[in-house]
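Notes to accompany the following structure.
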Amino acid sequence: MTVLTRIKGGRIVDPATRRDQIDDIWIRDERIADPPDGGIRADYTYDAGGKIVMAGGIDIHSHIAGFNVNTARLLLPELHRGSVPRPVDTPLSTAGWSTFETGCRYAAMGFTTVVEPAVPPSFALHAHLELADIPIIDKASLAVLGNDDFLLSLLRTSQGSAIIRDYVAWTLESTRSLGIKVINAGGAVAFKANARQFSLDDIVPHYGVTSRTILKSLQFAVQELGVPHPLHVHCNNLGLPGNVETAIETIAAADGLPMHLAHLQFYGYGREGERGFSSAAPVLAEAVNKATNMTVDVGQVMFGQTVTVSLDVLRQFNSRDQAQPRKWLIFDGDAEGAGVVPYNYRANNFYNAVQWAVGLELFLLIEDPSRVFFTTDHPNGAPFTTYPEIFALLMDAELRAQWIAKLPANAMAVTSLASIKREYSLGEIATMTRAAPAQLLGLKDRGHLRTGAIADVAVYDDDRDRARMFRAAALVFKNGELVARNGQVIRYRWGRALKVSPNYDRDIERRMRTYYEERYGLASDLMKVPQHAIPRPEPFESVPCR
Amino acid sequence: MADAWVAGKPVPARTAVAEAARLLRSSRLPVIAGLGTDVEGARAAVVLADRLGATIDHMHSTALLHDLDVLRQFGLMITTPNEARLQADVVLLVGPGLTKAWPDLPNRLLAPRPGDAPERRIWWLCPGGDRIAGPAIRLVGDGSDDVAVELAVLRARVAGRPTRAGRQEEIDTLAENLRGAQFGVAVWSAAQLDALTIEMLSGLVSDLNAGTRFTGLPLAPPDNAWGVQQVSAWMTGFPPPAGFGRGFPEHDPWRFNTTRLINSGEADCALWISAYNEVVPDWTGRIPTVALTTAACRFRRAPHVQIMVGSPGVDHDGTQFCPLTGTLVAVAAKKPSGALSVAALIADIATAIAATET
């Protein structure tokens, strides 16, 4: 039976269809529909008068599932209190920092699709099991390559791009991922050989290839396979003073082809000032503005206790002495490493205040909101629950001035933030969090409110307090179903994991079986994610390649 | 052969399920224990505990907590079994019980490295009475030595500090070997070492990284203990033991320890789950018990309700911790049978409980 829903008289902010006007949105079952012929009435009508109506939000980079995130939970039992009760008849409705909480908190803010960006292939099944226990939202994962012996051996022996392409495609299919990420390419291997720093043109020990070669080969393979999301890159030298040079070299290395740089804020640092640490955001933003092939997300820092989780084991090892509280996990994995290091960003700390400003400068100085994405690199810069405060900061120069006045003056002096007057419009916010992410990930039927789109809709009160507005959506629909009202989840449903299945030469399967047998003495099937292991009906949804 | 019993008498499975539901439903504080089950079974158990206000605990949670306490109070450097096998040029075995914890250890980790890599140097600190045939292993200390003290002396010598302990020369040779490792791996079983000993070992490993690369390989307890801990962490935020009695999950190793809850009389009903091995509870208190176990499980005191379940990876497909990879993997049934999974039985019990509530 068809269900017809009408969201009546709201201000539709939908940049993908260039709409900013008062109108109705009609939903037929799970999809956005044309208004019905006269005389047909909606089964359910929701008054959106005076409210803002957007497509559901899409987060392209948030660490929400997998071994690393779960280790952070185990490492920090003090970080998550039993929190706000939700509908009492839903499972685990009172669990603190859990998969259930993750889905509910995203939904309450009007987000309906979230990408877990760092899944090592050997932990893919684990990550998918956690993703399957995140309610309401749709999910996706990026598989991480770039420190794996198979790829590095292919590069060392110059075996050509065809086999690399097949291997990348096989990895995407085996791990059921939406794209490929590379994290400090070669850095985890170098760390195993006792390197303590690793840059773009450094050579990976034992393999004789540079980080740049790995990066380029993966970028090319992803492009050739027609995977919609370009290679997702975590550069070398994260967090170090002067690392803006690394980011700019990486942009140059992209060579005009599509590439996504993750959490750029962590690469926006110069060496100016008496402490040798300053914002290089203006130069970096200009480099991004010029390179129209590039997309970036910010990884905004907000003040407070959090935990950094990263596969960049080299970086995490070097930062473990700054752990707050003092404890950490450093992991040498099969290919990628990992590190979980708690951290407390403090407003009275010079370095943290500079980091906060660098993020906002990048948001405000990168001109095209469809190429700069909204992230905190959850939980690395801040938990995703701080998004509403960040939206408010982007939309209000006066609010920023109030924050700046309270932060260390010497820190603000080595940034340009105070001089920037730009304020994001609601349309730009919607571009950055809806239209552009859908395009970046190749999700044609979301991120907009065009007829036929999946009916993921967020309705917000048009509150002058933008943080309050974005913290608790008035209404949230997922696949046409009302799931949250006034920031409270009222209905559970189970979303899917989005993945791509590019074509490839199946001969790689035979080769991988042989490889696993010879190198590990194990079956290559051990690394796969069989559909039957995921405890939901229809847990996956395919996204077409180009 | 029957596959369900109530009060020692064979009954149809649905009768046993109904009786299990009645017991659990009428309990003020049920404990869900054992938890020797796959990921699916653990997920079902956590949802049931949430619903009943029960506690959850794993039969090997004490050992799990030894490693976890070190992680959450100090820190750990660890690697995977694969990476240890491929990279380790120096292996430091610590304490007894290693082959018991991982029978494949000699074969996977102590055999020569693949390819033309130089031979591994293998040391065993305080093996107790354990020995491994085959590889050349240099033993340091024996069953009469305190592992924590030996580790402390070793750590002091690695750091170049003087000690007045015996066996100076032996310990110094070992310290030199550890410092000279390119990628050293320390291996231990938390079932045999307490948290302070593991913390000393973690400190030693961490210190060694000032000059070279060294890391650890903790051997997980059996019965999918690691897998169940992961499930509990993502579903509740906490490892076992955890309780839902106050309406939200809480973790407290003392309060929610199953044996303590039962022996003290706080708990009034137990659901015991052991689908892999013939493990029976170690509590001494009398408590009405529902047992979901393999066929061969023999209890000292027959549980009030006992229902046979299949083993994951044998009778039915499942997902569980794999000691070869150190990750969760999907395993196909080796000898598929009609035996029900723990997840399916808990779902039946939950349905029966729901039916009594309406």
Going toward the positive end of the dipole of the protein assembly as shown, with +1 on Lys and Arg Cβ and -1 on Asp and Glu Cβ, which of A:Val313, A:Gln21, B:Gly237 do you reach last? B:Gly237
For chain A, the dipole about the Cα centre with charges only on Cβ (Lys and Arg +1, Asp and Glu -1), to the nearest 20 debye, works out at 560 debye
Can you give the longest run of chain B that contains no trypsin sites (Lys or Arg not before Pro) sitting in a DSSP loop with at most 13 other Cβ atoms inside 10 Å? B:29-130
If you average 1/r over all unlike Cα pairs in chain B and invert the result, what Kirkwood radius do you get in angstrom? 21.9 Å
Computed label-point distance, nm, for sites B:Arg301 and B:Arg255 using a 7 Å Cα→Cβ extension: 2.7 nm
If amide hydrogens are placed 1.01 Å from N in the peptide plane, which non-local residues have theirs closer than 5 Å to the one on A:Glu541? A:Ala497, A:Leu498, A:Lys499
Can you work out the base-10 log of I(q)/I(0) for region B:1-121 at q = 0.14, 0.15 1/Å, using the Debye formula on its C-alpha atoms alone? -0.85, -0.90
When the Karplus curve 6.51 cos²θ - 1.76 cosθ + 1.60 is applied with θ = phi - 60°, which whole-Hz ³J(HN,Hα) does each residue of region B:216-221 get, with x for Gly and Pro? x, 10, x, 8, 6, x
Quick calc, A:Asn486 & A:Thr157: beta-carbon distance into FRET formula, R0 51 Å, rounding 0.05, result 0.25
Got a sec to turn the phi values of region B:324-333 into Karplus ³J(HN,Hα) couplings, 6.51 cos²θ - 1.76 cosθ + 1.60 with θ = phi - 60°, whole Hz, x for Gly and Pro? 6, 10, x, 10, 7, 10, 8, 10, 8, 5
Output the peptides A:415-426, A:350-361 sorted from most to least packed, where packing is the average of other Cβ atoms within 10 Å over each peptide's residues. A:350-361, A:415-426
When you count, for each residue, the other Cβ atoms within 10 Å and take the mean per peptide, how do A:149-159, A:396-406 rank with the highest first? A:149-159, A:396-406
Looking only at other chains, what is the average number of their beta-carbon atoms within 10 angstrom of each beta-carbon in A:322-332? 5
Tell me, how many Å apart are the Cα centres for region B:278-340 and for region B:118-165? 37 Å
Positive-end residue, the protein assembly as shown charge dipole about Cα centroid, Cβ charges, pick of A:Trp494, A:Gln197, A:Phe123: A:Trp494
In deg cm²/dmol, rounded to 500, what helix-only [θ] at 222 nm does chain A give when every DSSP H run of at least 4 residues adds -39500 (n - 2.57) and the total is split over its residues? -9000 deg cm²/dmol
Tell me the label-point distance for the pair A:Arg19, B:Ser144, using the 7 Å Cα-to-Cβ offset, in nm and rounded to one decimal. 8.6 nm
Taking chain B and counting helices only, DSSP H stretches of n ≥ 4 at -39,500 (n - 2.57) each over all residues, the nearest-500 ellipticity at 222 nm comes to -10500 deg cm²/dmol
Which value, in debye to the nearest 20, gives the size of the charge dipole of region A:240-308 about its Cα centre, when Lys and Arg are +1 and Asp and Glu are -1 at the Cβ? 120 debye
Roughly what angle does helix B:342-357 make with the longest principal axis of chain B, taking Cα atoms, 0 to 90 degrees, to the nearest 10? 40 degrees
Given H placed on each backbone N at 1.01 Å, which residues far from A:Asp47 in sequence or on other chains put an amide H within less than 5 Å of it? A:Lys8
Out of the DSSP beta bridges found with both residues in the protein assembly as shown, what percent are antiparallel (nearest 5)? 40 percent
Net charge of neighbours whose Cβ lies under 12 Å from the Cβ of B:Ile137, counting Lys and Arg as +1 and Asp and Glu as -1: +3
Please list the three semi-axes, largest first and in whole Å, of the ellipsoid equivalent to region B:151-224, using sqrt of 5 times the eigenvalues of its alpha carbon gyration tensor. 23, 15, 10
Restricting everything to alpha-carbon atoms, can you work out Rg to Rh for region A:350-407 with a Kirkwood hydrodynamic radius? 0.94
Find the all-direction average of the projected area of the Cα convex hull for region B:65-219, expressing the result in square nanometres with one decimal place. 8.5 nm²
Quick one: which residues, 5 or more positions from A:Gly270 or on another chain, have an amide H under 5 Å from its amide H? H modelled 1.01 Å from N in the peptide plane, none for Pro or chain starts. A:Gly242, A:Ser278, A:Ser279, A:Ala280
Roughly how tilted is helix B:168-179, in degrees to the nearest 10 and between 0 and 90, from the longest Cα axis of chain B? 80 degrees
List every DSSP H helix in chain A whose Cα atoms extend 18 Å or more along the helix's own long axis and whose mean Kyte-Doolittle hydropathy is at least -0.5. A:161-175, A:211-225, A:350-365
Evaluate the relative contact order of chain A (contact order divided by residue number), counting alpha-carbon pairs under 8 angstrom at least 6 apart; express in whole percent. 21 percent
With an 8 Å cut-off on Cα pairs and a minimum separation of 6 or more residues, tell me the relative contact order of region B:233-358 in percent. 14 percent
Rg to Rh, two decimals, where chain A supplies the alpha carbon set and Rh follows Kirkwood: 0.96
Could you tell me the relative contact order of region B:65-219? Use alpha-carbon pairs under 8 Å, at least six residues apart, and round to a whole percent. 34 percent
On Cα atoms only, tilt of B:195-208 relative to the major axis of chain B in degrees: 40 degrees
Average beta-carbon neighbours from other chains, 10 Å sphere, peptide A:187-199: 2
Environment charge at B:Val39 (Cβ cut-off 15 Å; Lys +1, Arg +1, Asp -1, Glu -1): -4
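Since every read-out is calculated from the coordinates, none of them should be taken as a lab result. Source: prediction; values computed, not measured. Note: ideal-geometry Cβ built from the backbone for every residue, glycine included; neighbour counts use all protein chains shown.
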